[in-house]
1. Just checking, how many residues over the stretch 116-129 are surrounded by fewer than 23 Cβ atoms within 10 Å (Cβ to Cβ) and either within 14 Å of the chain's Cα centre (by Cα) or under 16 Å from residue 36 (Cα atoms) (or both)?
2. When you scan the stretch 61-80, how many residues do you find that are in a helix (DSSP H, G or I) and either touching a strand residue (DSSP E or B) at 6+ places or on another chain (Cβ under 9 Å) or modelled with pLDDT under 95 (or both)?
3. Filter the stretch 18-60 for residues that are buried (at least 22 other Cβ atoms within 10 Å of the Cβ), touching a helix residue (DSSP H, G or I) at 6+ places or on another chain (Cβ under 6 Å) and either assigned to a helix (DSSP H, G or I) or at positive phi (or both) and give the result.
4. Test each condition in (1) more than 20 Å from residue 65 (Cα to Cα); (2) modelled with pLDDT of 95 or more; (3) within 16 Å of the chain's Cα centre (by Cα) for residue 132 and report the one that comes out false.
5. Pick out the one residue from 105, 113 that is without any contact (Cβ under 8 Å) to a residue 60 or more places away in the chain and surrounded by 17 or more Cβ atoms within 10 Å (Cβ to Cβ).
6. Only one of (1) free of Cβ contacts under 8 Å to residues at least 24 places away in the same chain; (2) in contact with a helix residue (DSSP H, G or I) (Cβ under 8 Å, 6 or more places away or on another chain); (3) surrounded by fewer than 17 Cβ atoms within 10 Å (Cβ to Cβ) is not met by residue 67, so which one is it?
């Protein structure tokens with residue numbers, strides 16, 4: 001995709017979220033706000049995008065998003081914990097997180113391009129590991145695109161929102 005975030009996926013995410021009254025959230029470390037910016041540019045995002053949390057420092061991840069102290073910040077466990085923490089904080093139906101090493105060099109024993117995406121719904125949690133190539137800009141762009149695809153995929157599988165999350169006047173209450 002040439003545009004950051006992939007407009008077709010953003011449109012599909014927005015349509016699914018609006019149709020089912022879903023609240024969508026993001027937690028970011030690696031992407032430092034780029035994911036929230038891309039999601040927030042979606043159609044009618046003010047109706048379904050709960051927001052995002054950018055937590056770069058480990059102590060902020062621990063305090064704000066519930067990262068368990070001692071967890072490797074570039075790991076599947078961290079990605080899942082960040083997604084769960086942000087989902088709960090934002091009262092979202094689906095949340096995706098980004099963490100990893102953008103480069104140009106390695107960090108904490110992880111080579112540049114090592115990325116973990118986490119996702120959380122009310123009922124499920126998971127992650128995906130990516131091994132990306134390129135310069136830091138390429139890695140960040142590919143991470144945002146993959147995170148939006150992940151959000152869209154998991155939003156497609158969600159039932160209409162739980163009570164209290166329907167968009168006023170649209171869908172089940």
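1. Going residue by residue through the stretch 116-129, those that are surrounded by fewer than 23 Cβ atoms within 10 Å (Cβ to Cβ) are 121-129.
This time we only want the ones that are either within 14 Å of the chain's Cα centre (by Cα) or under 16 Å from residue 36 (Cα atoms) (or both), so: 121, 125-129.
Result for the stretch 116-129: 6.
2. Pass one, the stretch 61-80, residues in a helix (DSSP H, G or I): 61-65, 76-80.
With either touching a strand residue (DSSP E or B) at 6+ places or on another chain (Cβ under 9 Å) or modelled with pLDDT under 95 (or both) added as a condition, the list becomes 61, 64-65, 76-80.
Number satisfying all stated conditions: 8.
3. Within the stretch 18-60, 35, 38 qualify.
4. (3)
5. 113
6. Among (1) free of Cβ contacts under 8 Å to residues at least 24 places away in the same chain; (2) in contact with a helix residue (DSSP H, G or I) (Cβ under 8 Å, 6 or more places away or on another chain); (3) surrounded by fewer than 17 Cβ atoms within 10 Å (Cβ to Cβ), the lone unmet condition for residue 67 is (3).
The values are calculated or read from the model by the stated rules, or taken from the named source; none is laboratory data. Computed from a predicted structure; not experimentally measured. All Cβ positions, glycine included, derive from the backbone under ideal geometry; neighbour counts span all protein chains shown.
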